[in-house]
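*Asks:* Take this structure, written in structure tokens, and hold onto it; I'll ask about it next.
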Amino acid sequence: MASAVFGLTSPALADVKDGVDAWGRGDYKAAIAEWRGPASAGDADAQFNMAQAYKLGRGVPMDLATAEKYYKKAADQGHLQASDNYGLILFQNKRREDALPYLQASANRGEPRAQYVLGTGHFNGDFVEKDWVKAYALMTRASAAGLPQATSNMAQMDKYIPLNQRRTAIQLASQMEENEKRVRTAQVGGLRPPPSSGAIQTAQLPASRPAIPIPAPASAPVTTPKPAPVASAVVPPVVQPVPAPVAAPPVTKPAPAPTPVRAAAADNWRVQLGAFGDRNKAKALWNNLEKRVSALDKLQPYLVAAGKITRLQAGPFATKAQASKVCGTVKASGNDCIVKAR
């Protein structure tokens, strides 16, 4: 079984890999020619690649119905990327009841687009139960994965969700992150490894329009916000070629803790996270925030003395907009943050 899935001598896998190489050169028709046979024979990577091609209209006419069929064939065989995309395409086609189990499974293993969609649903209460803590936690995880619109929606949620619920949600998001690692480890170690040898990878892109409603009028009571629900949408994923196949699934090793380094950008702006009469308290706050707020991972901490006060700052940022974006994420975690010019 292992040689049939991973072996370089397998005719089906060789065809799939040849197709990936052709796709990388921009020869989409040649890629389709390599994948069509293995896909018909039941190769899940080839089926996923055919789905991507039909969704994007590269090498074949754009046909979302055919793309959906190929996604389902691959997903039924345990192809995780296909399952992710199948759930999203079902949701976009307004088949929400069918999409929900796929979206929940994807979100459980850390797929940010699925977390974004479910987070929106739990905020609005339109196709899942209304649960603002879970909504904020899911949006936090999607934002931490780099989904820009999730970060934007968190700022909108801040206008409705009380601070104590947001803090509870941040703790829940941390628990979700640990659970995602366990789920991915269990699934990668199961019958089918992640499709790294012959499948086109899917870039994680934001939805095409916001999923958070327009803020209520200023006169509306803060304790009874009534946001109007809106539908969320997901942009079709972009495909990229992947490296040549390997003989066995890669061993997942924990990433080393990032060491703060000075960014290459000019040190024009910083964010200030607090000011203390005790320098050790400033250090303790940095250690705490660095663990909780992923946006601070690669930033350089600064302990700036101002008389008897020590100011905790982080940076550098080339523009005020970059600093403001990080400040918004820090505030969402429940900590104060202001933007400081250098």
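Read-outs: derived from the displayed coordinates by stated rules, not from any lab. The model shown is predicted, which means the values in this text are computed figures rather than measured ones. Every residue, glycine among them, receives a Cβ derived from its backbone with ideal geometry; neighbour counts consider all protein chains shown.
*Asks:* What does the charge add up to near residue 174, with Lys and Arg as +1, Asp and Glu as -1, over the other residues with Cβ less than 14 Å from its Cβ?
*Replies:* +4
*Asks:* Amide H neighbours of residue 302 under 5 Å, counting only residues 5+ apart in sequence or on other chains, H built in-plane at 1.01 Å?
*Replies:* 313, 314
*Asks:* Quote the relative contact order of the range 269-341 in percent (integer), defining contacts as alpha-carbon pairs under 8 Å separated by 6+ residues.
*Replies:* Once normalised by length, the contact order is 45 percent.
*Asks:* Treat every Asp and Glu Cβ in the range 269-341 as -1 and every Lys and Arg Cβ as +1, leave all other atoms uncharged, and give the resulting dipole magnitude about the Cα centre to the nearest 20 debye.
*Replies:* For the range 269-341, the charge dipole is close to 80 debye.
*Asks:* While we're here: Report the net charge of residues surrounding residue 333, where surrounding means a beta-carbon distance below 10 angstrom and charges are Lys +1, Arg +1, Asp -1, Glu -1.
*Replies:* Cβ neighbours under 10 Å give a net charge of +4.
*Asks:* At q = 0.18, 0.26 Å⁻¹, what is the base-10 log of I(q)/I(0) for the range 101-156 according to the Debye formula with one equal point scatterer per Cα and no solvent? Please give it to two decimals.
*Replies:* For the range 101-156 at q = 0.18, 0.26 Å⁻¹, log10 I(q)/I(0) is -0.47, -0.97.
*Asks:* If you don't mind, another one. P(r) for the range 269-341: what percent of alpha-carbon pairs falls in each 5 Å bin, starting at zero?
*Replies:* All Cα pairs, binned at 5 Å, distribute as 3, 19, 31, 27, 15, 5, 0 percent.
*Asks:* Mind grabbing the base-10 log of I(q)/I(0) for the range 1-155 at q = 0.14 Å⁻¹? Debye formula, identical points on the C-alpha positions, no solvent, two decimal places.
*Replies:* -0.75
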